Amino acid sequence: MTIKYLSQKAAQAIDVELMSPSGGRFAFEQLVELAGFSVAQAITKVYDKNQYSRVLVCSGPGNNGLDGLVAARHLSMFGYKPVVYYPKRVDKPHNIGLMKQCQDLNIPFIEKPEDGLADADLIVDAIFGFSFTGEVRPPFGSVIEALKKTKLPIVSVDIPSAWDVEKGNINNSFHPEMLVSLTAPKEGARAFRGPHHFLGGRFISKKFDEKWGLNLPEYPGTDQCVRLGKPPAPSSSSSSKPAAHGVGEQMDQHFIRNVVSESVL
């Protein structure tokens, strides 16, 4: 059976039921932790820390941004060197707690995204989630433009920022190299053409899966993420060169792949 892609309303309804007393009874903080951890683990499956150690995490003001903070904390524990751009900080206990946890690990918080882009090997896009609608408002417009111009690989959390959750990249946003869908992929993710699509958030019970008809794949072993689709084939020219990705891809192939991906859409 084919995995179900969720509309915006369905994704919101599933989140409500997961946290409701009569549903999953998950705490909000639990879901954020599981989501962020799955994003960090998915990154380790593709981007080796020895070649992609410097990670710029761009976090927005909503739940997607919290996933980014959790991912940054785990990436630091995994041996990466994350830097966080978090311009609209929300004065809530969970937000403050996640920031404190990152700061205790000496993860820098920067004021300008350009400061992080100059020294990054990889970008995590945790700006907007599936609740995003309307126009991109400051200060995130300049960040989206920077992500459209960069040649660095981008990992988007749940849905690429500024994409329409159901219609895809109708707003002429950027194209990430990796997408980590959470719970189940959203309708807009059908337009994703990058080589790495993962599903994260291993917290859906069989009963819940069947009720919503999600048709989720089996997670391997103890992993908190699972690849959707086949991994890209290694380049035939890569045999004499050291691999840049954990799956044997090269950095020069990344640029070619980005160009091809953008021309398709």
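Every number here is computed from the coordinates shown, using simple stated rules; none is lab data. The structure presented is a predicted model; accordingly, all values stated were derived computationally and were not measured. Cβ atoms come from the backbone with ideal geometry, glycine included; neighbour counts cover every protein chain shown.
Per residue, the average separation of C-alpha pairs within less than 8 Å and at least 6 apart gives region 79-143 a relative contact order of 38 percent.
Extension gain for I170-N50 works out to 39.6 nm (0.36 nm per residue, less the C-alpha to C-alpha distance). Using 0.36 nm per residue and subtracting the Cα-Cα separation, the extra length available between K9 and F28 on full extension is 5.0 nm. Going by a ≥ b ≥ c, the root eigenvalues of the Cα gyration tensor, does the chain fall in the rounded group (a/c under 1.5), the prolate group (a/b larger than b/c) or the oblate group? Rounded, because the longest to shortest axis ratio a/c is under 1.5. Sorted ascending by nearby beta carbons within 10 Å, beginning with the fewest, E29, E210 become E210, E29. With neighbours defined as other Cβ atoms within 10 Å of a residue's Cβ, the residues H196, H74 order from fewest to most as H74, H196. Highest average first, the peptides 174-183, 138-147 ordered by how many other beta carbon atoms sit within 10 Å of their residues are 174-183, 138-147.
Given an 8 Å cut-off on Cα distances and at least 6 residues of separation, report the relative contact order of region 8-264 as a percent. Across region 8-264, relative contact order equals 18 percent. Listing C102, C58, C225 from fewest to most neighbouring C-beta atoms within 10 Å gives C102, C225, C58. With the gyration tensor restricted to C-alpha atoms of region 1-154, the semi-axes of the equivalent ellipsoid amount to 25, 18, 17 Å, longest first. Antiparallel beta bridges, as assigned by DSSP with both residues in the chain, represent about 15 percent of the total such bridges.
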